[in-house]
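Take a look at the structure below.
The values are calculated or read from the model by the stated rules, or taken from the named source; none is laboratory data. No experiment lies behind these values; they were computed from the predicted model shown. Cβ: placed from backbone, ideal geometry, glycine included. Neighbour counts: every protein chain shown. Ligands, DNA and RNA are stripped out before the accessible areas are found, and what is left, the full protein with its side chains, is counted by its heavy atoms. Shrake-Rupley method; radii C 1.70, N 1.55, O 1.52, S 1.80 Å.
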Amino acid sequence: MQTVSVPLGERAYDVRIASGLLDRAAEYCLPLIPGKRALLVSDQTVYALYGQRLTEALTAAGVRVAAVTFPPGEASKSLATYEKILQAAAAVPLTGGDAFVALGGGVTGDLTGFAAATYHRGIRFMQVPTTLLAAVDSSVGGKTGVNLPAGKNLVGAFWQPRLVLCDPDLLQTLAPARYADGLAECLKYGVLWDEALFSQLEQGALFRVTEEQTARCVELKRDVVLLDERDGGQRQLLNLGHTIGHAIEQSSGYAVSHGAAVGLGMLLMARLFCPAIAGRLARALEANGLPTQLHLSLTQVAEALTQDKKRVGGEITLVVPQQIGQCELRKLPVAEVQNLLCSVEAKEEMA
Ligand SMILES: NC(=O)c1ccc[n+]([C@@H]2O[C@H](COP(=O)([O-])OP(=O)(O)OC[C@H]3O[C@@H](n4cnc5c(N)ncnc54)[C@H](O)[C@@H]3O)[C@@H](O)[C@H]2O)c1
Ligand SMILES: [Zn+2]
C-alpha cells in the first residue's frame with residue numbers, strides 16, 4: 001500500500017493506493033462515517049461495474065448505503081445532476097455524521113465534491129477514483145464543481161475529501177484511450193517536476209502505471225496544492241499544456257479528448273519555447289497512445305484562446321517548459337501567443 005498524506009491542518013487526509021482496496025474500503029471509510037449512512041454517487045457505467053461491490057463492502061461493516069447514478073459523460077457535470085444528488089441525499093436523509101462517496105472518474109468526483117461542499121453547508125466526502133486521471137489528478141486537491149452552458153467549471157467550491165481510496169485494479173476496465181488521457185497528466189508531472197518519473201513513463205505505460213508511480217504523481221500534485229491551495233500562484237503550473245489544450249478541445253468540438261489535447265498543448269509549448277525537448281516529448285506521447293499531430297488549424301486554436309477564462313486583461317499566463325523536470329510561469333500578451341501559434345502553423349503546416 002502506498003499512502004500519501006495531505007497535511008492541510010484540520011482538513012488533512014490520506015490518499016491510499018493499493019490493489020484490492022475496493023473490497024476493503026470499509027476498513028478505511030468506517031471511522032469517517034460515524035452516522036453510518038452513505039450516499040454512493042456514480043455514473044451508470046461505473047456503477048454497473050463496481051457499485052455493488054463497494055455497497056457490499058460498506059454494508060457488511062454496518063453502513064447503510066443509498067445510491068444515485070447518472071449517465072456517463074461530461075454533459076452530466078451539470079446543475080441538473082447536482083440537484084439530483086442533493087435530492088437523493090435529502091431523501092436518505094444524510095446528516096452531519098454521514099458521507100458522500102464518489103465512485104468514478106473526474107466527472108463524478110467534481111459533482112460529488114460540490115454536492116458535499118454545499119449540502120447542509122458542507123459534509124464529508126470520500127473519493128474512490130476509477131480513471132487514471134481521477135487517481136493522479138482530480139481526486140486530490142479539493143477543486144469541485146459543475147459546468148454551465150456558458151463554460152466548464154464555472155460553478156464550484158474548494159472542498160477537500162476526507163479520504164481517497166485508489167484501487168488500481170479498477171482501472172483495468174477503462175477504454176485504452178481513457179487510460180491514455182490519464183497518462184498525459186502523468187507525463188505532465190514529469191515535465192513539470194520529475195525527470196526520473198518522465199523517463200520511467202516515456203517508453204509507454206498503457207495499463208502499466210505502478211502504485212509507486214501513481215503515488216509519485218499524487219505527491220507532486222499534493223506539494224503544489226500545499227503551497228497554493230486556492231490557486232493564485234504556483235498551482236497554475238498544473239496548467240502545463242492546458243491553456244492551449246483547452247483551446248484545442250474547444251475548437252475540435254470536443255472530438256479531441258482532454259488528455260490528447262493536453263499532450264498536444266505540451267508539445268506546442270515545447271516547440272515554441274523549448275525545442276530541445278520537443279522530440280523526446282513527441283516520442284513519449286506516441287509511446288503512450290497520445291497524438292502528436294493536430295488535425296486542426298492553429299489559427300482556429302488561437303481564436304479559441306481569447307475565450308480562456310483564466311485570461312486576465314490582455315495577458316495570458318503560460319506554463320513554459322525549460323527542460324524535462326522544470327517549467328516556469330510566464331505572462332504574455334494574448335496577441336503575442338496567437339501570433340506565435342500562427343507562425344508555427346505557417347512554418348510547419350502542422351494542421
Ligand atoms: N477537480 C480537479 O482538480 C480536476 C482536475 C482534472 C480534471 N477534472 C475534471 O475531471 C473530468 C474528467 O474526468 P475523467 O476523465 O475521469 O472523466 P469521466 O469521469 O467522465 O470518466 C471517463 C469515462 O470513463 C468511464 N469510466 C470511469 N471509470 C471507468 C472504469 N474503471 N472502467 C470503465 N469505464 C470507466 C466513465 O463512465 C466515463 O464514460 C472533467 O470534468 C474535468 O474538468 C477535475
Ligand atoms: Zn487535465
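I'd like the full set of residues that are open to solvent by 20 Å² or more (accessible area, probe 1.4 Å) and assigned to a helix (DSSP H, G or I), limited to segment 6-28.
Across segment 6-28, the qualifying residues are Gly9, Glu10, Arg11, Asp23, Arg24, Glu27, Tyr28.
Which condition number in (1) modelled with pLDDT of 90 or more; (2) open to solvent by 60 Å² or more (accessible area, probe 1.4 Å); (3) under 30 Å from Val209 (Cα atoms) is the one that Leu290 fails?
(2)
To keep it simple, each residue is scored yes or no on (1) farther than 20 Å from Gln172 by Cβ; (2) in contact with a strand residue (DSSP E or B) (Cβ under 8 Å, 6 or more places away or on another chain).
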| residue | (1), (2) |
| --- | --- |
| Leu21 | no, yes |
| Pro34 | yes, no |
| Gln44 | no, yes |
| Tyr47 | no, yes |
| Tyr50 | no, yes |
| Leu58 | yes, yes |
| Gly62 | yes, no |
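Taking Leu238, is it in contact with a Lys or Arg (Cβ under 9 Å, 6 or more places away or on another chain) and within 12 Å of ligand 1 (Cβ to nearest atom)?
yes
Hey, Asp43 hits all of (1) surrounded by fewer than 20 Cβ atoms within 10 Å (Cβ to Cβ); (2) of a type in the set (D, E, K, R); (3) away from ligand 2 (no atom under 16 Å from the Cβ) but one; which does it fall short on?
Here Asp43 meets the rest and fails (1).
Return yes or no: is Gly96 part of a loop (DSSP other than H, G, I, E, B), more than 20 Å from Gly20 (Cβ to Cβ) and in contact with a His (Cβ under 9 Å, 6 or more places away or on another chain)?
It is true that Gly96 is part of a loop (DSSP other than H, G, I, E, B), more than 20 Å from Gly20 (Cβ to Cβ) and in contact with a His (Cβ under 9 Å, 6 or more places away or on another chain).
Only residues in segment 22-45 that are without any contact (Cβ under 8 Å) to a residue 60 or more places away in the chain count as the first member; pair them with residues that are outside any helix (DSSP H, G or I) and of a type outside the set (A, V, I, L, M), Cβ under 8 angstrom, at least 6 apart or cross-chain, and list the lot.
That search, which allows pairs on different chains as well, returns Leu30/Gly62; Gln44/Thr69; Gln44/Phe70; Gln44/Pro71; Gln44/Pro72; Thr45/Pro72.
Regarding segment 236-248, can at least one residue be identified that is under 17 Å from the mean Cα position of the chain (by Cα), part of a loop (DSSP other than H, G, I, E, B) and not assigned by TED's automatic domain parsing to the domain that holds Ser139?
yes
Read through the list (1) open to solvent by 10 Å² or more (accessible area, probe 1.4 Å); (2) under 25 Å from the mean Cα position of the chain (by Cα), then give the number of the only condition that Ala91 fails.
With respect to (1) open to solvent by 10 Å² or more (accessible area, probe 1.4 Å); (2) under 25 Å from the mean Cα position of the chain (by Cα), Ala91 is out only on (2).
Cβ-Cβ below 7 Å, separation at least six or inter-chain, first residue in segment 51-80 and assigned by TED's automatic domain parsing to the domain that holds Leu94 and closer than 21 Å to Ala38 by Cβ, second aromatic (Phe, Trp, Tyr) and not in a strand (DSSP E or B): which pairs?
Note: pairs meeting the criteria are Ala67/Tyr47; Thr69/Tyr47.
For every residue, the table says whether it meets (1) touching a residue at least 40 places away in the same chain (Cβ under 8 Å); (2) surrounded by fewer than 16 Cβ atoms within 10 Å (Cβ to Cβ); (3) away from ligand 1 (no atom under 16 Å from the Cβ).
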residue	(1), (2), (3)
Ala247	yes, no, no
Ala260	yes, no, no
Leu268	yes, no, yes
Leu272	yes, no, yes
His295	yes, yes, yes
Val301	yes, no, yes
Gln323	yes, yes, yes
Gln326	yes, yes, yes
Val337	no, no, yes
